[in-house]
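Single-structure report; data block below.
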Amino acid sequence: MSQQKMKNLTRTGLLLALTLVFQSLRFLIPLPPWMSTFLIGSLVNAALLVALQALGMRSALLIACVTPVVAWLQQLLPLPVFILPVAVGNSLYIWLFSRLRRAGPEWLAVGSAALGKAAFFFLAFRGLLSVLELPPALSTAILFVMGWPQLVTGLVGGFIAIYAWRRLEKI
């Protein structure tokens, strides 16, 4: 394996580990669930875009697909069937940002990616929840979290990523 590939693999592993630490903060910091959703979601989205900018699409997509598996193992996703739409939504966020940042300003790419991810999550989970038999309170809570909070965390995470990347470039 070339030195560059090893370096990229190591950095991918480090960013994955950091993303999983962010995802696990809810177990370490006693925050109300709504605040935890916004804080952790924003940090995870930031890590996804930093991975994209620092390491490229392949590494970012790997992180986007591993995080929902770990979320399910942590019992943050109630059913394994939710892993796939979360992985696809995270991947869509990365892909949209990647494509749109070339076409215009970063803030527009962040906004469009966040909107795309939020819309996908809401529609995917509304469809899934219409065929799954879950308690109504759980279905309502899941659909709420997969709605407008995803737009907010996508926006905040995107702007954190832009700020972090600009700081990292100076190092």
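The table for this structure:
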| read-out | value |
| --- | --- |
| Condition check for I160: aliphatic (A, V, I, L, M), under 18 Å from P78 (Cα atoms) and in a helix (DSSP H, G or I) | no |
| Failed item in (1) of a type outside the set (K, R); (2) assigned to a helix (DSSP H, G or I); (3) more than 13 Å from the chain's Cα centre (by Cα), with W95 passing the rest | (3) |
| Options Q74, Q53: the member that is buried (at least 16 other Cβ atoms within 10 Å of the Cβ), of a type in the set (S, T, N, Q) and on the phi < 0 side of the Ramachandran plot | Q53 |
| T10 out of contact with any Cys (no Cβ under 7 Å at 6 or more places or on another chain) and either within 28 Å of S112 (Cβ to Cβ) or of a type in the set (K, R) (or both) | no |
| Pick from segment 26-50, criterion small (G, A, S) and buried (at least 21 other Cβ atoms within 10 Å of the Cβ), ranking: farthest from P149 (Cα to Cα) | A47 |
| Residues within segment 112-165 that are loosely packed, with under 15 Cβ neighbours inside 10 Å and over 20 Å from the mean Cα position of the chain (by Cα), tallied | 10 |
| Residue in segment 89-100 that is hydrophobic (A, V, I, L, M, F, W, C), more than 13 Å from L49 (Cβ to Cβ) and touching a Ser or Thr at 6+ places or on another chain (Cβ under 8 Å) present | no |
| Inter-residue pairs, beta-carbon under 7 Å, first without any contact (Cβ under 8 Å) to a residue 40 or more places away in the chain and within 19 Å of F22 (Cα to Cα) and in segment 141-169, second in a helix (DSSP H, G or I) and of a type in the set (F, W, Y), 6+ apart | M146/F121; M146/F122; M146/F125 |
| Test result for L31, aliphatic (A, V, I, L, M), at pLDDT below 95 and over 10 Å from the mean Cα position of the chain (by Cα) | yes |
| Condition check for Q23: crowded, with 20+ Cβ neighbours inside 10 Å, of a type outside the set (F, W, Y) and in a helix (DSSP H, G or I) | yes |
| Matching residues, segment 80-105, being buried (at least 18 other Cβ atoms within 10 Å of the Cβ) and among the charged types (D, E, K, R) | R101 |
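The values are calculated or read from the model by the stated rules, or taken from the named source; none is laboratory data. It should be emphasised that the depicted structure is a prediction, and the values quoted were computed from it without experimental measurement. Positions of Cβ are generated from backbone atoms using ideal geometry, with glycine treated the same way; all protein chains shown enter the neighbour counts.
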